[in-house]
Structures are given as structure tokens and as C-alpha cells.
Amino acid sequence: MTQKPAENEQRARKLILSIQALEDEMVHGQSNLQMIEVQAQRLEETASAVTELKKHASGDEVMMSLGAGVHLQVKLVNASRVVAAMGAGVAAERNLDDALALFKKQQEQLADIAKRQEEQLQTYQSQIDGMRSQLSQLLQQK
């Protein structure tokens, strides 16, 4: 069964719009993936800092990063506890080992989210490829 040129043109327009919508979703998904990677890197840096803190005792003087290459020399009042974000805007005091366990759990959660995001991006790309193939066939029928 052959389709009329007008039907092919209408179908081609729908495919183009669908491809553009999925490409927009891919851009959004890639942006989310980058944010996840940044958060994972921050968690790794924080875990490293807490691990380094375990080498010190209360009363020790250490250099604390304020960000952007700026450091401050501080004296540790309590080197055995930190205040760690728990999620949903909640923070709680934790001993260093508990904080490290929390960071590890958060890293695992981020890795799982990143994996699902990557799978979604692959699905989008497969759909786009299929639609482009259909579009190419439609355009060859003219």
C-alpha cells in the first residue's frame, strides 16, 4: 500500500517534531548526568577530607579549604565528629566513621541514578535513530 505525498509529508513532520522533542530530552538528561557527576565528585572530596581528619586529634592545627584556592588555618575543637547533610535539608552530627558510611551510601545512590540516566539516554538515542531511519524512508518515497 502506497501513501499519498500529503500523508508522507504529514508523517515526516510528525517524525521531525518527535526527534526534536527527544533531542531536547537528551540535552536535559545529559545536563542532569553532569550534575550527578559533580555531586559524586564533591562527595568523594568530602570523604577524602574526613578520612584525612581521622589522622588528627582535637587541638591539632590544620588548614581548612574555604574554596577557590583559599585556605584557613584552624584549631580542631572536636576532631571526632562532623555535621553531615542527611538529605531533605537535614543535617546531623555524626562520628567520622558514620559520616564516611553515609557518604559511601550517597555515592552508591548517585551511581545508581547515573546508570539509570545513561540507560534512558541510550533509549532516547535508539528511538531517535529509528525515527531518522523512518524519516529517510519517507523522504525516499517522494
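Inside segment 1-43, can you point out the residues that are more than 21 Å from residue 128 (Cα to Cα) and within 35 Å of the chain's Cα centre (by Cα)?
34, 35, 36, 37, 38, 39, 40, 41, 42, 43
Would you mind finding the one in 94, 11 that is assigned to a helix (DSSP H, G or I), at negative phi and of a type in the set (Lys, Arg)?
Going through 94, 11 in turn, just one is assigned to a helix (DSSP H, G or I), at negative phi and of a type in the set (Lys, Arg): 11.
If you go through segment 70-112 one residue at a time, how many are among the basic types (Lys, Arg), over 20 Å from residue 37 (Cα atoms) and out of contact with any Lys or Arg (no Cβ under 9 Å at 6 or more places or on another chain)?
The qualifying residues number 1.
Residues to consider are 91, 68, 85, 99; find the one that is farther than 30 Å from residue 130 by Cα, in contact (Cβ under 8 Å) with a residue 12 or more places away in the chain and of a type in the set (Gly, Ala, Ser).
99
One line per residue, one yes/no per condition, for (1) of a type outside the set (Val, Ile, Thr); (2) loosely packed, with under 11 Cβ neighbours inside 10 Å:
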residue: 4; (1), (2): yes, yes
residue: 8; (1), (2): yes, no
residue: 14; (1), (2): yes, no
residue: 18; (1), (2): yes, no
residue: 33; (1), (2): yes, no
residue: 36; (1), (2): no, no
residue: 51; (1), (2): no, no
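From the list 80, 18, 31, pick out the single residue that is farther than 30 Å from residue 127 by Cβ and of a type in the set (Ser, Thr, Tyr).
80
Of the residues 73, 109, 117, 125, which is polar (S, T, N, Q), assigned to a strand (DSSP E or B) and modelled with pLDDT of 90 or more?
Details: 109 fails: assigned to a strand (DSSP E or B); 117 fails: assigned to a strand (DSSP E or B); 125 fails: assigned to a strand (DSSP E or B).
Step by step, each of 73, 109, 117, 125 is checked, and only 73 is polar (S, T, N, Q), assigned to a strand (DSSP E or B) and modelled with pLDDT of 90 or more.
How do the pairs read when you match residues in segment 47-61 that are touching a residue at least 60 places away in the same chain (Cβ under 8 Å) with residues anywhere that are of a type in the set (D, E, K, R), using Cβ under 7 Å and keeping only pairs 6 or more apart or on different chains?
Listed by first residue and then by second, the contacts come to nothing, as the list is empty.
The values are calculated or read from the model by the stated rules, or taken from the named source; none is laboratory data. Given the structure is predicted, the values throughout are model-derived calculations rather than measurements. When we count neighbours, we look across all protein chains shown, and the Cβ atoms used for this are built from the backbone with ideal geometry, even at glycine.
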